[in-house]
Amino acid sequence: MGKSIELANILQKRKVNIECVQETRWVEMKTRDADGYRLWYSGVRKGKNRVGILVDRDLRESVVEVRLVSDRLMTIKLVVGECTINIVSAYAPQLGLDEEVKRRFWEELDEIVRGIPPAERLFIGRDFNGHIGSTADGYGEVHGGFGYGDKNGGGTSQLDFAKAFELVIANSSFSKREEHLVTFQSAMAKTQIDYLLPRRCDRGLYKDCKVIPCETLTTQHKLLVMDVGIKIKRKKKFVRGRPRIRWGALTKDKD
């Protein structure tokens, strides 16, 4: 539970409202509270790295549906004013894993996205274990041209998926210094493998997306955040219920 509190403190400090986490290593499919945040998580087998989503106290009562798809995928649905928001926490298989595991992951993610009505907002994050490359290179519809490193097979799969469903990779859409692009850093390498994907038609909703390099629960993965503006209709006029929803992603270590 200690890591959960530490994570909640980071999210409060950075004013992050919704957070996708991977590598939680919690067993079973449950809910727990962590210092003002509510955490839903999925983990079937002990010792395996799985997924979760945290929502802060201002938005957690807006959650109307939680779907635990597998160890690698889960979704929540929120209704904020007249806006329905779907959050998908995704943890793609590493390149060295069996092809059947990879196929199953992409098929399940495909099914999730197809099941979300076009009128609803959709945001997918985060650990896709692939490199999309520093330039669009034929994927201008989904790649904003501000990635990092060289593209590989996992990155191509992600780009093809985003193209098929008219998504965009938000953290390739803003020109940033290297430290705000690199999401994973070890003693051997610096890479970008974590991404936040909204629908292309919602491009006007998010104002910024970047890594915050000084905030981390691990020595490798960095906190990736996106600022999303949602207008809330109340009493026949538009007002902002919150100035923004800050949606983030961070891999956390075992408790």
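Below are the figures for this structure:
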item	result
First in region 84-105 and in contact (Cβ under 8 Å) with a residue 40 or more places away in the chain, second anywhere and assigned to a helix (DSSP H, G or I) and surrounded by fewer than 15 Cβ atoms within 10 Å (Cβ to Cβ), Cβ under 8 Å, 6 or more apart	L95/G153
Those residues of region 131-150 which are under 18 Å from the mean Cα position of the chain (by Cα) and crowded, with 23+ Cβ neighbours inside 10 Å, in sequence order	I132, V142, H143, G147
Elements of type strands (runs of 3 or more DSSP E) contained in region 184-255, each with 1 or more residues being at pLDDT 85 or above and surrounded by 13 or more Cβ atoms within 10 Å (Cβ to Cβ)	194-198, 206-212, 223-228
The one condition in (1) under 15 Å from the mean Cα position of the chain (by Cα); (2) open to solvent by 10 Å² or more (accessible area, probe 1.4 Å); (3) small (G, A, S) that S172 fails to fulfil	(2)
Criterion (of a type in the set (D, E), over 16 Å from I53 (Cβ atoms) and either modelled with pLDDT of 95 or more or under 15 Å from the mean Cα position of the chain (by Cα) (or both)) met by exactly one of E111, E82, E100	E111
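The values are calculated or read from the model by the stated rules, or taken from the named source; none is laboratory data. The structure presented is a predicted model; accordingly, all values stated were derived computationally and were not measured. Note that each Cβ is placed from the backbone with ideal geometry, even for glycine, and that neighbours are counted across all protein chains shown. Surface accessibility is based on the protein's heavy atoms, side chains included, excluding ligands, DNA and RNA. Shrake-Rupley method; radii C 1.70, N 1.55, O 1.52, S 1.80 Å.
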